[in-house]
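This report concerns only the one structure given below.
Just so you know, all these numbers are worked out from the coordinates, no wet-lab data involved. These figures come from a predicted structure and were not determined experimentally. Counting neighbours? That spans all protein chains shown, and the Cβs are built from the backbone with ideal geometry, glycine included.
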Amino acid sequence: MSGWLKVYRSLADHWLWQDKPFSKGQAWIDLLLLVNHTPKKALIDGTLQEIDRGQTITSIRKLCDRWGWSNTKVRRFLKMLEDDGMVNVKSDSKKTVINIVNYSVFQDSETEKTTVKRQQDDTETSQKHTNKNEKNVKNEKKCSRARFVPPSYEQVSSYCQERGNDVDAQRFLDFYQSKGWMGQKQDEGLEGSSKELGTERRREEE
């Protein structure tokens, strides 16, 4: 038999689960219900301890009461599980720490793994698109700053009137058209061009 089945922890509170003694299979399922689904901290004998995912801190006596077994049967069962590579068990005079080996095999479905992988892929794809868009915006800004659009006659004439200079608008256009508007940048505007034209006129007058 294959497949995957979710078992809610509330099963341990059901009246059917109270029938004792437990079978070995029931005791194994009970261990899966007892261990932590996520890491958490607990105060044990006055000491704060970290309990990992797939781990529980209990005692042989508590398991005896829970399963309706003798001390010897509980120890023999845990030893059997450990020999089979299903759990790791560490005991001292006060507590027993049980770790379920490969806990994710019993807890994580393929759907959950696929969902996590898809979320990671979506995040990476979104980041790549964001970086590409930012690069395109920077390139567009760079191109817009570097590209020069020649002014019209009306723009030149209006500018000269506002500045109160004696630059002839048509002469201005003819001058720069003859040079192919070389060396001009959009952010220089008409002011830089008119200054250059004024310099050129002074040279001609001299």
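Amide H contacts of residue 44 (H built 1.01 Å from N, in plane; Pro and chain starts excluded): 49 sit under 5 Å, all sequence-distant by 5 or more or on other chains. Remark: the residue 171-residue 10 segment gains 48.8 nm on full extension, using 0.36 nm per residue and subtracting the alpha carbon distance. Residues whose amide H lies under 5 Å from that of residue 87, counting only those 5 or more places away or on a different chain, are 82, 101; hydrogens are built 1.01 Å from N in the peptide plane. Computed FRET efficiency, Cβ-Cβ of residue 41 and residue 92, R0 25 Å: what is it to the nearest 0.05? E between residue 41 and residue 92, to the nearest 0.05, is 0.85.
If packing is taken as the average number of other Cβ atoms within 10 Å across a peptide's residues, how do 87-98, 44-55 rank, most packed first? List each step's numbers first, then the result.
Working: 87-98: 14.0, 44-55: 12.5.
Per-residue Cβ counts within 10 Å, averaged per peptide and sorted highest first, yield 87-98, 44-55.
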